[in-house]
Structure formats: structure tokens, C-alpha cells
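*Asks:* Before I ask anything, here is the structure I am working with.
A short reminder: the numbers here are calculations on the coordinates, not readings from a lab. Keep in mind that this is a model prediction, so the values were computed, not measured. Cβ placement follows ideal geometry from the backbone for every residue including glycine, while neighbour counts extend to all protein chains displayed.
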Amino acid sequence: MTTAATGPDRHAAFFDQLAIVGKAFASAKRLVLIDLLAQGERTVESLAREAGLGITTASAHLQVLKLSNLVTTRREGTRIHYRLAGENVANLYSSMLTVAREHSADVEKALASYLGVGQDDIEEVTREELLARLDRGDVVVLDVRPPEEYAAGHLPGARSVPFGELANHLELADPDVEIVAYCRGAHCVLASDAVRLLRAQGRDARRLQDGLLEWRLAGHPVEVRS
């Protein structure tokens with residue numbers, strides 16, 4: 001005779017399923033993959049290359065994310081493209097970053113070390129100020145992420161100048177026009193490094209306070225290259 005599950009058993013079963021989703025985040029390598037997918041759809045090969053992983057390792061971690069229903073896939077010929085299962089997954093990731101920074105001194109210390117020299121030498125512009133200046137057309141916005149991330153989605157009117165190519169494109173606009181650089185998010189070092197390079201060349205430059213992830217989650221317009 002089978003006994004129906006009791007209330008406590010059903011409650012435990014719910015948390016067991018919830019833990020599966022939580023465990024999907026409990027890997028530094030999977031967090032890197034989620035961070036990349038928060039920028040837009042990517043192939044396995046692209047994700048592996050950008051994350052510094054082997055194809056087999058990247059695929060295994062992506063399968064964990066897929067089984068946890070955090071990512072979905074589509075096939076194009078022989079290539080499999082991954083994307084986050086929904087905007088709420090990006091929101092969850094962003095919220096985790098915020099909570100970790102606010103409540104873990106170790107996380108904040110590691111981030112400061114990664115970004116370099118704190119951030120005291122980098123002036124920032126808020127999303128609201130940048131929106132207003134985009135309307136006025138009195139600012140040049142540089143997207144210093146890799147080209148495929150730019151193609152997947154970027155700020156309106158932003159120019160794609162990957163950080164590795166920035167030194168060869170310093171004559172970007174009227175020297176009297178301010179430049180605002182941005183990258184993946186508040187924790188991305190590329191925009192800060194771009195501002196330092198531009199200022200060293202005498203350009204008036206600041207970085208967006210956060211990045212494409214937070215911009216999109218705030219509901220601001222994003223353009224996709226056709």
C-alpha cells in the first residue's frame with residue numbers, strides 16, 4: 001500500500017528542487033558562463049573560448065545549467081546556441097552580485113583587486129545622465145566588449161571598439177566631445193581600463209556606472225545589429 005506524501009514531505013521535495021537551481025550557481029565556471037550569456041546568445045565554441053575553458057568542460061557546465069532550466073538552446077546547422085532562459089535569470093544573477101558585494105567583504109576586496117587601484121581614479125556617469133546626453137547627442141559612447149557581444153545588443157548609437165583595438169582608434173571624435181565607455185557590467189574591468197587609456201591620451205572620458213547588463217535590466221533601450 002502506497003502512503004501519500006505528507007505536508008512536510010512535499011515541503012521538503014519543493015526545497016530539494018529549489019536546491020538544484022541553487023547548485024547550478026555554485027560553480028565559478030558556471031557563473032562565468034552565465035555572465036557571458038547575460039550579454040546575449042552565444043555558441044558553445046564562443047563561450048568556451050571567452051571563458052578560457054575546453055569545449056568538453058564548457059559543454060558539461062552548460063548541460064548543468066540546461067538541466068536546471070536556467071538556459072535554453074537552439075540548433076543552427078551543426079552549431080548549438082545557448083541563451084538565458086529568461087530575463088529573470090539575468091535579474092537573479094545581477095541580484096546575487098549586488099548581495100555578494102554588499103554583504104561579503106571578501107567579494108568586494110576581490111573585485112577591487114580585479115578592477116585595480118580601487119575605482120577612485122575613474123569618474124562615472126549614471127544611466128539617467130547618459131540617457132539625457134544621448135538624447136542631446138553631445139557624447140560619444142564606446143562599447144569596448146568583444147564584437148559578438150556588441151552585435152547581440154548594445155546601447156543606442158554606441159560604437160564598437162573592442163578594448164584590444166582601442167589604442168589604434170584614439171581619434172574617435174571631436175576632442176572636445178566627452179567619451180563614455182561601457183562593458184558588460186559594474187564588475188567589468190574593460191571600461192575602467194579604456195577610460196584610463198583615453199585619459200592618458202588627453203581625452204575627456206568617463207565610464208558608465210555599471211554596464212550593458214544593468215542598463216538592459218533597467219528597461220533602457222538596446223539596439224541589435226541586424
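*Asks:* In percent, what relative contact order does the range 173-226 have, based on Cα pairs under 8 Å that are 6 or more apart in sequence?
*Replies:* Relative contact order for the range 173-226 comes out at 39 percent.
*Asks:* Something else: Taking springs between alpha-carbon atoms closer than 10 angstrom, which of PHE25, PHE14, PHE163 fluctuates most in the Gaussian network model of the chain?
*Replies:* Largest GNM mean-square fluctuation: PHE14.
*Asks:* Using just the C-alpha positions of the range 7-90 as equal point scatterers, what log10 of I(q)/I(0) does the Debye formula give at each q in 0.15, 0.20 1/Å?
*Replies:* -0.54, -0.85
*Asks:* Express the C-alpha Rg of the chain as a ratio against the empirical globular expectation 2.2 N^0.38 Å, rounded to two decimals. Provide the component values of the computation, followed by the final result.
*Replies:* Details: Rg = 20.2 Å, N = 226, 2.2 N^0.38 = 17.3 Å.
Cα-based Rg divided by the globular estimate yields 1.17.
*Asks:* Same structure again: Which order results if ASP204, ASP35, ASP135 are arranged by neighbouring Cβ count within 10 Å, fewest first?
*Replies:* By the 10 Å Cβ count, ascending: ASP135, ASP204, ASP35.
*Asks:* Separation of the range 135-203 and the range 20-52 by C-alpha centroid, Å?
*Replies:* The range 135-203 and the range 20-52 have Cα centres spaced 24 Å from each other.
*Asks:* Using only C-alpha positions, report the orientation-averaged shadow area of the convex hull of the range 73-173, nm², one decimal.
*Replies:* Seen from a random direction, the Cα hull of the range 73-173 projects 9.8 nm² on average.
*Asks:* Roughly speaking, what % of Cα-Cα pairs in the range 117-217 are separated by over 19 Å, rounded to a whole number? Please list the in-between numbers first.
*Replies:* Working: 1698 of 5050 pairs.
The answer is 34 percent, as a whole percent.
*Asks:* Let me ask something else about it. Which whole-number percentage describes the relative contact order of the range 117-217, with Cα contacts under 8 Å and a sequence gap of 6 or more?
*Replies:* Normalised by residue count, the contact order of the range 117-217 is 33 percent.
*Asks:* Out of every Cα pair in the range 3-49, what percent are spaced more than 17 Å from each other? Walk me through the numbers on the way to the answer.
*Replies:* Working: 576 of 1081 pairs.
Counting every Cα pair in the range 3-49, those more than 17 Å apart make up 53 percent.
*Asks:* What aspartates and glutamates does LYS66 reach when the alpha-carbon gap must be under 16 Å and sequence neighbours fewer than 8 apart in one chain are set aside?
*Replies:* Answer for LYS66, where 16 Å is the Cα cut-off: ASP35, GLU41, GLU87, listed by chain and number.
*Asks:* Please identify, among ARG74, ARG207, ARG196, the residue showing maximal mean-square fluctuation in a Gaussian network model of the chain using a 10 angstrom Cα cutoff.
*Replies:* ARG74
*Asks:* A further question follows. Could you compute the net charge surrounding THR73? Neighbours are other residues with a C-beta less than 13 Å from the C-beta of THR73; K and R count +1, D and E count -1.
*Replies:* Spelling it out: positives minus negatives among the neighbours equals +4.
*Asks:* To continue, here is another question. Just want to confirm a number: the relative contact order over the chain, from Cα pairs under 8 angstrom separated by 6+ residues, in percent.
*Replies:* On the way: 290 pairs, mean separation 39.7, N = 226.
The normalised contact order for the chain reaches 18 percent.
*Asks:* How far, in degrees from 0 to 90, does helix 28-37 lean away from the longest principal axis of the Cα atoms of the chain, to the nearest 10?
*Replies:* The two axes meet at around 60 degrees.
*Asks:* Moving to a separate point now. Any idea what angle helix 7-24 forms with the longest principal axis of the chain, computed on alpha-carbon atoms, 0 to 90 degrees, nearest 10?
*Replies:* Between the helix axis and the principal axis of the chain, the angle is about 40 degrees.
*Asks:* Compute a Gaussian network model of the chain, connecting alpha carbons closer than 10 Å, and tell me which residue from ALA12, ALA158, ALA110 fluctuates the most.
*Replies:* ALA12
*Asks:* If you don't mind, another one. Where does helix 55-67 land angle-wise versus the long Cα axis of the chain, in degrees 0 to 90, nearest 10?
*Replies:* In the chain, helix 55-67 runs at an angle near 60 degrees to the longest axis.
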